Structures are given as structure tokens and as C-alpha cells.
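For reference, the structure discussed in these notes is given below.
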């Protein structure tokens, strides 16, 4: 029985499956249950103990895929089971069908010039290419080495149930290289090889793909791009007829479901991790159902695994460019109508259409049948499914609104037509809420439709298939390499959210490949282009990881190398939706890579390798630093004024005995707890793989705390350069070392302008934050303030983690500090009332007051009615942050004494709040009222990626202010239009500025070089852009030292970053001249650190107030908040402005932030302004939405994207302004507007016999669950 054929996710997008449940299945073994013909499979994301929950349901079984995902097997009513598992299911994946992209030409890629190159021989050796397809002809000589051993490491055939299942999978058979070798030998001996390895490629597509990627060249005419690579093959199980029927598939094209594709990717990823080899995963498949914005389940998984070093996923953009299965349009204003006309072929029996409306818009639908029967406005309601019967056509259409769709925040309309009649059907969209007005509609792939079924006004753009819209995948279109011309079938960009796709194109017409059985055939299509690029990616992995030229190779780096090397047609403008950044050219890739690495290692030319050394912890008296300097084989790391760690090449005791000038006494080594508590040590957050704990044990000046299976916290003794040395020592286990940046508070508001006070005592919709917790990462809280104490004298603060107090109990899984529970806080409050010292019980104080002010805006109880917060009944969890050490402040050249915090400390605080929310099973809004200028400003900073990760969990929302850098003169930008053109960045240095550090970001795939002119006119000519090169430059007249480091490409973003660090910098105007070396987009941005960390006169002379959002407010999933003057609805120039550097709309909303009266430490009041207060208002509003949805049960599936969409949908707009815009985002937050825009009447489809008759709902009449509300008319 083919089990995988039934892993289809047949949830029917919440349409009921009406199968009757047999009475005898309760005790049925799982294996038999999984094999039953009518068993329905669906992929879910879960939390908690889902396995135990499923055991209680007789008609369901579960297969746990990993800690986040599982596959449910259900017999009978699918929706009932899903409803029963509501508390543990985060997301149910809608069904989708994937088809092959058919299948070029290797020579056009330039790969052949490297096979026998003397200088740079590359053939894919040491790299795995994983192919998810129809299998492979493993007996073909092209995939067998000269010694008759197979190049195939493993085959997982999902269609064969009789063999050994792969570890962690529940279906199919896995065949190892040893078994394949035996089968090859059996064939040569005249025996049956298929009795050993029965896997065959009946279709031939997978064999052709492997040929393009890496045919050995036994037949020289078909040699592949990487002829010495290894292969790992997954032969997919096909989707069942039931799913094809459900989605209206016409014909017999080969299709595969979402679940099998996901399992296959996971299998290949796990194999790469197990073998510790880099892998390129090729997915030559395409689907159309989904948002086309990178947020489909498989796309998010691709993004997840692509953040691991040595993993790259390559996907074709499909062949739907001229398929007439996509249409788009724009509604300009409310009440306007746009029509989508679908011509239905007479052979089309059923039809499935998805319409996606960009957030925050809301459209309604009307339908006109070919006979003229009209179904008037079906209003957009929350997850409503309506059944409509057309009498003349005898057609039934099911319409489901998802408002908002869970993962994207967009509106999705799903139309499922059964027994549809031929003719022209008209689907009219009516604007109900119009901000952007954009919509896109998609039919299934052309090969799954009857020939005449099509949109009558198709749009060939945004026809990329899924998963090619994944952010991290390398997405490949195809062209005719014989004449460098367009191919109309190739899927075209951009994505629906405006990202450039495809990244590259490759030849894909008339490719000669090996076929099953060893013959040859000619093939064309986007799959072959993807196979070419997969082979090129393998060559880059070989050059970088296998040959040691760039071991930190991530998907983003591989992508940037490919883009930078592209060839371009003369006269075309790049990037563009057809050609992306150009035609892949592997020779061009290596022409653009500079291999001479000259890494800065401090004043010493020789790098000191700690792992070759011995060490001792000592107490000392005297000048030990001077004594150690005389010994070239020794280093000292200071703990404090009396203790140090001596590290010696050789015998440490021998060196200690020679140090006669100082008094030394060897003491026990510091415990981890002591080590983490040393104030001047530096924290570094890392993403790791393997046994990082054992690796760190070999390094005497470092300790590690494992935070989770992906992240760890290092604490390191020594200078910033010592920190870098430790990171270098751990390069084999560190996937990514998070750059240390400095976060500052965003200063600190007006509650009334947000419209929340109307809900505090409302009879119809009372909302006050009850049941919701606000987590604040800040300077602490005055927990003795009456505003945060309930009427009964108990605290509203559930927990405080004070990272600065060392005497208490550490939080579980954290490095230090002290955690105080609600019970302990209650005891402290009671002690104060009794005249005792509360700080003996809970010694945490908010000396600065910022955190207390933030908590006041969010949820002051109203003991003083003037300071009542947005959510006066919410609970709090507080993290008081640990300040940045002096070594980091010195490295950045910080001027003054402003409070700052490092990335590692901030990350630890956010993670603590997230973990506590999951532990207590409570919805939480996390407020992060801090920001930094350092980073890419495109959502890919480490903190931002973590925020995106946790925001995908139900009941978690992160709110971040945009900062106050709008008018700070700390950002400048520009564009270079041609190669060799120059642009100058002029930086004025204040006389009080001693050191400075800043970054220049160049948009990929461009490459710029740098020249520097000092105030005295001394010129440093072109410093060429080289791979991770650090150059030290001495300016004689100024006595200034400048260090220039190129990151090409920067690890996570794939962009070029130039880091400039100046020591003893002199006042005056310094000119940094950029020269275009490779110019496609030409755009660059430069950022100083935050204004409050600079001397008053230090600034860019040509500042740009846009793209001044601080990080982490450029996170994709965070709710990013700007501020305005709520007293007169005017702009505030200090507020950080959008958009992000990659063009996304930020801020999402704005809130009032001027002259807010708040409670202060000690119970007094004060007036404050700034972006933090606006964010605090929105955090409080988010808590009220969580209360309405999760606590009160109106919308339990609340994710960050939904909360954001609700906030945007209710925003007020100034008359005359165009929205969205970089200053106001989508408008001014208004809670009343939110609930005016939510339709709460839920009428769920409950079976084929329930016909729903939908009547228009008056705007003044609606339901809150079972409560009917009628608002009085004016």
C-alpha cells in the first residue's frame, strides 16, 4: 500500500470530509490505520503534548515530524478532530499540489571551464546534491564511478513499503550506497539488481535532472555541471485521486502534495547534518496555491534550514508565465468594483480559485454565472464559509473568507466550485476597506486545467510558482541560451510583496541529457535551469567549504556569489521580473571573488592559538601585564584587579616560575557562574552546530551557556580582538556569530488618542487587558508603585528577572542574574506596608525609571486617574537588562554615559519572556523599547530573525518602536549609476569625538571599493573590495588609525558591508569615497551609531532622514511603531522613518508620543515624549486584542500577523495623505476603528446538507459571539 500517496493534507481548507467513522478502529495498530484507503493526512504545526491529545481521539493517529510539526492521520470528520486539538495546534496547512517543471545547457553556465583547470579545478567533489523528484536510474553509467561504485549516497523511495524506513520517517524504503553498490555488481554478474534495490524512475524526470546537475561524462555529450558530486535521491509519493478531485484537477499529470515535499526536504537536511557534508537541495517542482510572498509552509521551512551553514535550496520559478492562470488588479477606493472573468472549458468538472487581497484591505465578493444568475455581495466575514447553489447551471460553489489569513495577514478568498458548467464566470470584488487596493487571483497550474479553462485578462507577471517565492531559496528562471532570448513560459516576478525573484536565470531549452536506460533525449523547461544552478552551487560549496576558501558559506552568500557573477544582455535594466539579476555564469562568479585574505589580528602578526596552550587562574600583585609582555609565548586575561588567567604556549608553570617581578599564587579556576558574573567580560550570542560545549572547554578565556538547540551565549575575557580570536577558534561549530551592537532606550504618551479608554468600562465590549501578560525588556520596574499593585495588595508583576543582581536564584536556562516570583514580590510589598525593608526580599530597583514609565503607559491601574494605562488589568513580566561592558563601548567609540545594552543581553531578555509565556501558557505581548543603528535595516539582523521566529507562535506579539533617529544626521544614502563612478560620504567629526565606528551597506549584488581623504588632505587611494579583508591605515598628519573591513558578502544578508573603525580620530571633515566595481542597483546606505552615543557635532553632512528606522523595528513580524504629536496630528521629525532598505512598509502604524503624563519611580508623575511611548500604547492595544480574541474566545487563532492586520485595518488617516507612507505607515492606531472593522458573526460550514444563506450585515449591527449589538444611528 502506498502510504505517501495519502499524505495529502486533505483538510479541504476547512471544508468537511463527511466519511463515517468505523466502530472498530479504536484499537487498530497505527501501521494498519495509516494504510487504510480513506485515511486523510494533513501537516500541522503544534505546541505541547499533541501525541497524548491524539491518543484520546479514536479516529485519529499522529506522526511527530519534529518539535514543531506533525502529520495527522484522520478517518471521518477532519474538522471535528482539528477542533478537538485546538489547544495544541498552531497552524493547519492548506492542501496544495506540486507538479514537475519539465526539464539545459551546461556550457552556457561556464562550468565546463573548471573541470580540468590547473588553477581552480572544480567538479563538485565532496558536495552532496539532494534531488526531490521521480527517482533516478541508479544503474546508469553517468551516476557510477570508474571503480563501479555508485555516486548515490542514498535513495529514499516513498512508494516502496517493504524495505527499511528512514530514521524519523514513517513510510517508504531507504537504500544505502552499500546496497546500491551490491545491485550494480549484481547487474554486472547477470543477476537481477532490482531484487536488492527495487527503486526505479518510471517517469525519467529525476534521472534527467541528475544528468544536468552531475552526469559523469561517460558520454561526453551529456557531462553535467558538477560531474564529481554525490547524490541523495528522494522519489516522491504521488498525491491521491481524492485530493486531485477536491482541487478540480483535469487530466493525469503527476502531482505531489505539500506533506511529501516537506518530509523530503527534512530527510535531506537531516542527512546532511548526519554526514556533516554541505548539500544543495534541488526542488524541481512547482505549486500555485498560496500567497506568493514567501510565507507558505514549505517556503518557511526552506528559509529555516537555509540559515544553517552548508545548506542551499534551489527552486525553479515554474513554467506558468504564459499559462493564463493568474490575474491581478487594483481597486482605488471603497465601493469600487473589479471583475475577474474565468472562462471554463466544457471538460472542467470542478475548479479551485484563490484570491489574495493585500493587507490591510478587505474586499467582498459577488458572482455572476454564465446564465446571468447573480449572487450579490457576500460580505467579508471572519472565516465564514458559504455554500451557493446555481439553479440553472446545477453548480455548487463554496466561498471561504480568511480575514486575515493566519500566516500572512492578507485576506484570502477561496472559491471551490463543484460540477461547474462551461462558459464565462464573473467574480466581482467590491472594496470594503481600501488602502493598497491590490489583489491577485490564481488558478491551478496549466497542466492541471482543461485546455480552455483560463482567465480572460491574464497577467504574466507574479507567476512565480511556490516554493520559488521563498526568501532564502535560490529561485531560477530560464531563457533560450542559443540566442539569449526570453522564454514566455518561464515564471516571472516579482513576488506579491515586491521582492526580486527570480534571482538568476539559466539556459533551459533543448538540453541533451541522459535518460533512463542510458540513451539520450532532448528536454526543455525551468527545471533544467534550476538543475544548472544547483550544480553551480555545488561548485561554490566545493570551493568554499571543501577547499577551505570560505567555510562560512550560507545560502545568502551562495546566492550573492551567483548574482555577482551574472552576465547581462546589453540594453536591459537589471534586476527585472523576467531575468532577475542576469544569466548565471560560474566563471563570472570566481572572477568576482578575491581570494587573498589578510585578516587583521591586532598588533601581533602571529595569531595566538589558544587550543595549543596551557593555562592557570592566578591571584597576583605587581605589574603582571609588563612581566607577561617579556614572554612571547604567554598572554594574560584580566578578571579584576587581583585575579587573571595566564595562557602559555608550552608549560604554564614554567613561565609562572620565571615571573620574579610579581607575586603570583595559583587559585582554582572560576566556576561558570563566577565567570558569567564578571562585569567587564564580553557576551557574544552564537548560532551553533555540533558539540559547542566541548569545543569551548578547550578555551581558557571563554565559557558557554546553551540557550536552545540552535543558540548559545558565550562570555569571553579580554579585548574585542580576543573575542574575535575565540570565535575564530570555534569556527567549526559556530554557524553564525551575532555581531555585537549597542541598543539604546528610545526615550519615552498619550493613551486617549488611541481610542482605548472607550473600552475600559464598556457595557458591550469591556476590554482592560485582563488575562494577558505584557513582557517588558527595559531598565526594570518600581514594583512598589501602587499602579502595579492590585486592590487586594497583591502584585500585578508575575516575575522580574534582574540581570544585574547576582545574589538570587537564576532563571532556568539563563546565564545569571536573579529571578523573583510573584510570591516573593508580594512578600516584599507586605514588608513595606509593615515598615520593613522590601529590598531585602526583592532587591531589584529601576534606578533610571524608563521601564517604570513604559509599564505606566501600558497598564497603570489608575490609582491616579490621570496616568491610567491602555490595559489597566494586564499582568507584567519584567526583564531588567545588564549594561554593555566598557570594552564594547570603547570598540564603538561611544561618547558620554548613555545607558546601552548589547545584542546578547537583549536576546536573552526576549527569550526569557517567550519561554515564560510558553511555560505559563498565556498570551504575551513583548515590548522591546530599544533600538540600534547598527545592522542591515532589512529585517535580517539576528534579533529580528528571532522575533520573526517567535512571532509565528500563536499568542505571541512583539512591539518595537522605530526609534528617534529621524533627524539625527546619522544616516546617509546614495546611488552609483555606472561602474567606476564615485560617490562621497562626508563625515564631520566633533573635537570631543575620540573614536568612531560605522557601517556602509551596499545592496546586493553590487561591489564597491573605498578611498579615504583626511581633513588635512591625506589620501588613501582605492582599497579594493576583497573577501573578509581587514586593512589597517595610518594617517600621519592626524595620527589617526583607521581599520577597514569588507564583508563580501555579509553572511546573513548576502550584501556587501564595509565596517570602518577609527581610533584617535581628529576633528574636521573626513571624506569616504565609494567607487563602483560591480553596479546593478547602485544603492548604498551608511549609518553612524545612535545620536545619543556621539559627540554633539559628529554627523553626516548630507544626511537622509528616510530609512532611519532603528533595529529591531525592521523585523518582518514585529509590530513597528512610529510616533506623532497627538495634540495636533502633526509629524515629529525625530521619529524614525521608513521604509526598510529592502522596501517593506515600516512603520506599520504610528501612535501619539508627545508630552505623556506617566507614573514615575516612587509614585510621583512626570511628562515624557518619544517613540517608546508610542510603542507602549500599541503594546497595550495589542493586549486588548489578545483579550478579545484569545481570552474571550472570539478569535483564538491570533498570531502576530493577525494582530498587526487588525491594528492596520483600524488605523485613522489624515485627510490628503497617501497611505502607506514612510512617516505614518498605514496610519494612526485607533482601537475603536479596529473593532469597527472586525465582523464577528461566524457561520461555520458544517456539512454538505447545511446551506448557508448570507445576508448583508449593516455596519451598525453585529455579533460578539452570541451577543447581538445594534449601535444607535446618528
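The values are calculated or read from the model by the stated rules, or taken from the named source; none is laboratory data. If you're wondering where the values come from, they're calculated on a predicted model, not measured in any experiment. As a convention, Cβ positions derive from the backbone with ideal geometry for all residues, glycine included, and neighbour counts pool all protein chains shown.
A few remarks follow.
- Where helices (runs of 4 or more DSSP H) sit wholly within region 619-701, those with at least 1 residues that are closer than 22 Å to residue 817 by Cβ, assigned by TED's automatic domain parsing to the domain that holds residue 727 and under 35 Å from the mean Cα position of the chain (by Cα) occupy 672-676, 692-697.
- Those residues of region 993-1012 which are modelled with pLDDT under 95 and surrounded by fewer than 17 Cβ atoms within 10 Å (Cβ to Cβ), in sequence order: none
- Across region 1031-1044, the qualifying residues are those that are under 36 Å from the mean Cα position of the chain (by Cα) and crowded, with 18+ Cβ neighbours inside 10 Å, and the one among them that is farthest from residue 549 (Cα to Cα) is 1042.
- Scanning region 891-921 for residues that are in contact with a helix residue (DSSP H, G or I) (Cβ under 8 Å, 6 or more places away or on another chain) and either crowded, with 19+ Cβ neighbours inside 10 Å or assigned to a helix (DSSP H, G or I) (or both) yields 891, 892, 894, 895, 900, 902, 903, 906, 907, 910, 911, 914.
- Subset of region 358-386 [out of contact with any helix residue (DSSP H, G or I) (no Cβ under 8 Å at 6 or more places or on another chain) and more than 17 Å from residue 426 (Cα to Cα)]: 358, 361, 380, 381, 382, 384, 386
- Restricting region 785-804 to residues that are buried (at least 21 other Cβ atoms within 10 Å of the Cβ) and part of a loop (DSSP other than H, G, I, E, B), the residue that is nearest to the chain's Cα centre (by Cα): 803
- Check on residue 1143, under 23 Å from the mean Cα position of the chain (by Cα) and on the phi > 0 side of the Ramachandran plot: yes
- Condition met for residue 1058 (buried (at least 22 other Cβ atoms within 10 Å of the Cβ), in a loop (DSSP other than H, G, I, E, B) and modelled with pLDDT of 90 or more): no
- Of all residues in region 181-202, those satisfying the criterion of being under 17 Å from residue 158 (Cβ atoms), touching a strand residue (DSSP E or B) at 6+ places or on another chain (Cβ under 8 Å) and buried (at least 17 other Cβ atoms within 10 Å of the Cβ) are 197, 199, 201.
- Subset tally (residues that are over 19 Å from residue 889 (Cα atoms) and in a helix (DSSP H, G or I)) for region 702-724: 0
- Residues satisfying the stated conditions in region 137-158, i.e. assigned to a loop (DSSP other than H, G, I, E, B) and within 33 Å of the chain's Cα centre (by Cα): 158
- Among (1) within 26 Å of residue 1168 (Cβ to Cβ); (2) touching a strand residue (DSSP E or B) at 6+ places or on another chain (Cβ under 8 Å), the one test that residue 1107 misses: (1)
- Options 864, 826, 875, 790: the member that is out of contact with any helix residue (DSSP H, G or I) (no Cβ under 8 Å at 6 or more places or on another chain) and under 28 Å from residue 1230 (Cβ atoms): 875
- Within region 1013-1030, being within 16 Å of residue 979 (Cβ to Cβ) and either surrounded by fewer than 16 Cβ atoms within 10 Å (Cβ to Cβ) or modelled with pLDDT of 90 or more (or both) holds for 1022, 1024.
- Taken as a whole, the condition of being in contact with a helix residue (DSSP H, G or I) (Cβ under 6 Å, 6 or more places away or on another chain) and either over 21 Å from residue 1174 (Cα atoms) or in a strand (DSSP E or B) (or both) does not apply to residue 835.
- For region 845-867, a tally of residues being outside any loop (DSSP other than H, G, I, E, B) and surrounded by fewer than 16 Cβ atoms within 10 Å (Cβ to Cβ) returns 2.
- Enumeration of residues in region 415-450 that are more than 30 Å from the chain's Cα centre (by Cα), surrounded by fewer than 23 Cβ atoms within 10 Å (Cβ to Cβ) and in a loop (DSSP other than H, G, I, E, B): 419, 421, 422, 450
- Of the candidates 149, 176, the single residue that is out of contact with any helix residue (DSSP H, G or I) (no Cβ under 9 Å at 6 or more places or on another chain), surrounded by fewer than 16 Cβ atoms within 10 Å (Cβ to Cβ) and modelled with pLDDT of 95 or more is 176.
- Any chance residue 946 is in contact with a helix residue (DSSP H, G or I) (Cβ under 8 Å, 6 or more places away or on another chain), surrounded by fewer than 24 Cβ atoms within 10 Å (Cβ to Cβ) and either closer than 21 Å to residue 852 by Cα or at pLDDT 95 or above (or both): no
- Per the conditions (1) crowded, with 16+ Cβ neighbours inside 10 Å; (2) out of contact with any strand residue (DSSP E or B) (no Cβ under 6 Å at 6 or more places or on another chain), the sole criterion not satisfied by residue 371 is (1).
- Among the strands (runs of 3 or more DSSP E) confined to region 455-568, the ones with at least 2 residues that are touching a strand residue (DSSP E or B) at 6+ places or on another chain (Cβ under 7 Å), modelled with pLDDT under 95 and surrounded by fewer than 23 Cβ atoms within 10 Å (Cβ to Cβ) are located at 520-523.
- Restricting attention to region 1145-1193, the residues that are surrounded by 20 or more Cβ atoms within 10 Å (Cβ to Cβ) and part of a loop (DSSP other than H, G, I, E, B) add up to 8.
- Enumeration of residues in region 268-285 that are surrounded by 24 or more Cβ atoms within 10 Å (Cβ to Cβ) and under 21 Å from the mean Cα position of the chain (by Cα): 268, 279, 280, 281, 282, 283
- For region 650-679, the set of residues classified as touching a helix residue (DSSP H, G or I) at 6+ places or on another chain (Cβ under 6 Å), surrounded by 13 or more Cβ atoms within 10 Å (Cβ to Cβ) and at pLDDT below 80 consists of 659 only.
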